Amino acid sequence: MESLQEQKGWTQEERVRYARHAVLPGFGWAGQEKLRASKVLVVGAGGLGAPLLQYLTAAGIGRIGIADPDRVSLSNLQRQVLFSVEDIGVLKVDAAARRLSKLNPNVQFDLYPYAITRENALELLAHYDLVADGSDNFSTRYLVNDACVLLGKPLVYASVFRYEGQLSVFNYTHPNGRKGPNYRNLFPVPPEAGSVPSCVEGGVLGVLPGILGCMQANEVLKIASGIGEPLSGKLCLFDAYSLSQRIISLPDQDPYPVTELEDYEASCGPIPGETPEISCAQFAKWQAEEKIILQLIDVREPWEYEQENIGGTLIPLVSLPEKAVALSFDLQR
């Protein structure tokens, strides 16, 4: 147990709140003081960000930035347990801060209800000691990684898809001064637009981001307090379907060089004009005038189909490749 001298500077409320940290071997009030002095930016307040933010707040991180431009929707509540039905339509950063402030009023929250872009990333990230990425798209993922490399900030990364999740610590400076790998050491270039389904298209088990978000919080707390061995140079692969986990070592190589921020929307986002589109009104007009002969495939989710049936055959997008046999390619006028 730490001496009374080591507990100075803490209120009675804080001494009670953080008592379980204070008695941890190798942690104590010195470790808790490091958490209080830490500034962490969480990118994304969704499935990963929800549990991550809750545990960082409960642990007593002194200042937490929350960056997310989205509003709470009903479909979020299956996994984003930070929110409730009363928050639907509210900016996620506002709803999160309101809830988290009740969990720990000692924490300062900085709210960024807009997307991180090439224009604002460096200025925003510069205010924080480390970054935790809970984003759900490749453009943000590569942008945050590259900004962290340019600024020398450690990055705690996680991603989820269907039943599987990944976790690692990038751009971490080891005690011997050696810099660990960054995200581009693992994935040097973004995948082609549309080649990887999103969670909207492929789905995600609701509890999975909760597990990975907690694992992210664990890595953040280790780095912030200076305890343990961060997951630098390694990649954790978690499978909720079989409840299996394995950690693989990344190749021992120099960090992937980053010299500037790119146009990430152009390299990671959808290709403008690649797919021709028509409006619903124009489509209905063509049908009424019998100007087209077609087989209409509705690739929305079943719940969307139930809300409004547009007369097509329902084949959700994620199932389309395996059900291609149902498509007709010989329609004639």
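Could you give the length gained by full extension between VAL85 and SER101, i.e. 0.36 nm per residue of separation minus their alpha carbon distance, to one decimal place?
3.9 nm
Taking θ = phi - 60°, what integer Hz values does the Karplus form 6.51 cos²θ - 1.76 cosθ + 1.60 yield along the stretch 107-120, in sequence order, with x for Gly and Pro?
Once θ is set to phi - 60°, the couplings for the stretch 107-120 become 8, 8, 10, 10, 10, 10, x, 8, 6, 7, 10, 4, 6, 10 Hz.
With a Förster radius of 22 Å, plug the Cβ-Cβ distance of GLN282 and TYR114 into 1/(1 + (r/R0)^6) and report the FRET value to the nearest 0.05.
Efficiency computed from Cβ-Cβ geometry: 0.10.
Just rank TRP286, TRP29, TRP10, fewest to most, by other beta-carbon atoms within 10 angstrom.
TRP286, TRP10, TRP29
What is the order of PHE238, PHE187, PHE170, fewest Cβ neighbours within 10 Å to most?
Fewest to most other Cβ atoms nearby, the residues stand as PHE187, PHE238, PHE170.
Counting only residues 5 or more places away or on other chains, whose amide H sits under 5 Å from the amide H of LEU130 once H atoms are built in the peptide plane?
LYS39, LEU41
So what is the diffusion coefficient of the stretch 1-111 in µm² per second by Stokes-Einstein at 20 °C and 1.002 mPa s, using a Kirkwood Rh over Cα pairs?
Translational D for this selection: 144 µm²/s.
What value does the stretch 38-268 have for Rg/Rh, both radii from Cα atoms and Rh as Kirkwood defines it?
Rounded to two decimals, Rg over Rh is 0.93.
Given a Förster radius of 22 Å and the C-beta distance between THR173 and GLN253 as r, what FRET efficiency does 1/(1 + (r/R0)^6) yield to the nearest 0.05?
0.85
Step through the residues of the stretch 67-80 one at a time and calculate ³J(HN,Hα) from phi using the Karplus curve (6.51 cos²θ - 1.76 cosθ + 1.60, θ = phi - 60°), rounding each to whole Hz and writing x for Gly and Pro.
The phi angles translate into 10, 6, x, 8, 10, 5, 10, 4, 5, 6, 5, 5, 9, 8 Hz.
Show which lysines lie in cross-link reach of LYS39 when reach means a straight Cα distance below 16 angstrom and same-chain residues fewer than eight apart are skipped.
Candidates past the 8-residue exclusion: LYS153, LYS222.
Going by how many other beta carbons lie within 10 Å of each one, how would you line up SER159, SER139, SER242, fewest first?
Going from sparsest to densest Cβ surroundings: SER242, SER159, SER139.
Need one number: nm distance between label points at GLN78 and GLU192, each 7 Å from Cα along Cα→Cβ, rounded to one decimal.
Once both label points are built, they end up 2.9 nm from each other.
Every read-out reported here was derived from the displayed coordinates using simple, explicitly stated rules and does not represent laboratory data. Treat the numbers as computed from the prediction; the structure is a model and nothing was measured. Glycine also receives a Cβ, built like all others from the backbone with ideal geometry; neighbour counts cover every protein chain displayed.
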